[in-house]
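For reference, the structure is listed below as structure tokens.
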Amino acid sequence: MITRLAISGYRSIRDLTVELGALNVVTGANGSGKSSLYRSLRLLSEAAQGRLIGSLAMEGGLSSTLWAGPESISREMKSGRHPIQGTVRKGPVSLKLGLSAIVLASVVGVSLGVLAALRQNRGVDYGVMTVAILGVCIPTFVTAPLLVLVFASKLGWLPSAGWNDGAAINLVLPVTVLALPQIAIISRLTRAGMIEVLHSNYVRTARAKGLPARTIVGKHALRAALLPLVSYLGPACAGLLTGSLVVEKIFNLPGLGKFFVISALQRDYTVVMGMVIFYAALILLLNLIADLLYAALDPRVRLG
């Protein structure tokens, strides 16, 4: 294969030499000057370079996309959208949406999970779990248009789309759409953890000592029941903080999710790689925070 590549390169260079010699004769006879000669040489060199790259790809079995030439690479590297600049510009939108959705999902999900665990195998428990299953099964590209249809088009209570500098009324629908699947998952995790903890020996001991139910649930049971939830919230927070393409597209929000997908479709590889590195670093950071919270919530966990 190397031999074929060398032969192809030699042939292309030989053709370029012949063309340059002919061009020198023509331009010398016509006396067109150095500027015309320079432009002609540049055009011929670009043409020969394209033939050389095509021959290398054809003879070596290489991808034509990879060997697209320096012009396409320069367009990708000089597209004017630096990864850091794009993240700084689009990041606050996704950050505000993600943090609001995380807070809403945590508060509502934990409350529903604790309520379902305290009323196990009753109507409240069945109702919460039914809503949780629906929240997990129905995707965001279905719930978002439905909420827009009801609360924006029919009732007119909320705007259907737009950022409006992060106004609270514009955040209600997208934050709700982002939080609904997380509420379903968090409520199920909290319910399962609470049921297990409420049947443990130290909770029975606390009840035997006559402690109030509020103290048992809030101070003793809930801390241990949140351990599985902490493990889940690390990657979940990273996903919410880096944006959601569906929500940002439906509600016309200038966030990181749409920015990442548009860059990938336009083959702006520098932006894509920068966003992937940012997402990986965010996951590592949030997993580290989750490990540290383990020690704070459960004294049995020791660092080192």
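Here is a check on your reading of the model: is Ser74 over 16 Å from Leu189 (Cα atoms), part of a helix (DSSP H, G or I), among the polar types (S, T, N, Q) and at pLDDT below 70? Quick ask: steps written out before the conclusion?
On the way: over 16 Å from Leu189 (Cα atoms): yes; part of a helix (DSSP H, G or I): yes; among the polar types (S, T, N, Q): yes; at pLDDT below 70: yes.
Yes, satisfied.
Can you name every residue in the range 237-246 that is under 17 Å from Ala161 (Cβ atoms) and either aromatic (Phe, Trp, Tyr) or surrounded by fewer than 20 Cβ atoms within 10 Å (Cβ to Cβ) (or both)?
Selection gives Leu245, Val246.
Please work out which one of (1) out of contact with any Lys or Arg (no Cβ under 9 Å at 6 or more places or on another chain); (2) surrounded by fewer than 21 Cβ atoms within 10 Å (Cβ to Cβ); (3) of a type in the set (Gly, Ala, Ser) is the condition Ser187 fails and give its number.
Among (1) out of contact with any Lys or Arg (no Cβ under 9 Å at 6 or more places or on another chain); (2) surrounded by fewer than 21 Cβ atoms within 10 Å (Cβ to Cβ); (3) of a type in the set (Gly, Ala, Ser), the lone unmet condition for Ser187 is (2).
Restricting attention to the range 150-166, which residues are over 16 Å from Val246 (Cα atoms) and at pLDDT 85 or above?
Within the range 150-166, Val150, Phe151, Ala152, Ser153, Lys154, Leu155, Gly156, Trp157, Leu158, Pro159 meet the criteria.
Checking Ile169 against (1) touching a Pro at 6+ places or on another chain (Cβ under 7 Å); (2) part of a helix (DSSP H, G or I); (3) surrounded by 14 or more Cβ atoms within 10 Å (Cβ to Cβ), which single condition isn't satisfied?
The number of the failed condition is (3).
Could you grab me the full set of residues in the range 119-166 that are of a type in the set (Lys, Arg) and part of a helix (DSSP H, G or I)?
Residue satisfying the conditions is Lys154 alone.
Wholly within the range 211-304, which helices (runs of 4 or more DSSP H) include no fewer than the required count, namely at least 3 residues that are of a type in the set (Gly, Ala, Ser)?
Qualifying helices (runs of 4 or more DSSP H): 227-241, 256-265, 269-297.
List the residue pairs whose Cβ atoms are under 6 Å apart, where the first residue sits in the range 122-137 and is surrounded by 12 or more Cβ atoms within 10 Å (Cβ to Cβ), the second is among the basic types (Lys, Arg) and part of a helix (DSSP H, G or I), and the two are 6 or more positions apart or on different chains.
These pairs meet every condition: Ala132/Arg188.
From the list Ser244, Ser187, exactly one residue is under 30 Å from Leu149 (Cβ atoms), assigned by TED's automatic domain parsing to the domain that holds Thr140, at pLDDT 85 or above and out of contact with any His (no Cβ under 9 Å at 6 or more places or on another chain). Which is it?
Ser187
Considering each residue of the range 247-304, count those that are under 27 Å from Thr143 (Cβ atoms), loosely packed, with under 14 Cβ neighbours inside 10 Å and in contact (Cβ under 8 Å) with a residue 12 or more places away in the chain, and give that number.
1
The values are calculated or read from the model by the stated rules, or taken from the named source; none is laboratory data. Computed from a prediction, not measured in an experiment: that's the story for all the values here. Cβ: placed from backbone, ideal geometry, glycine included. Neighbour counts: every protein chain shown.
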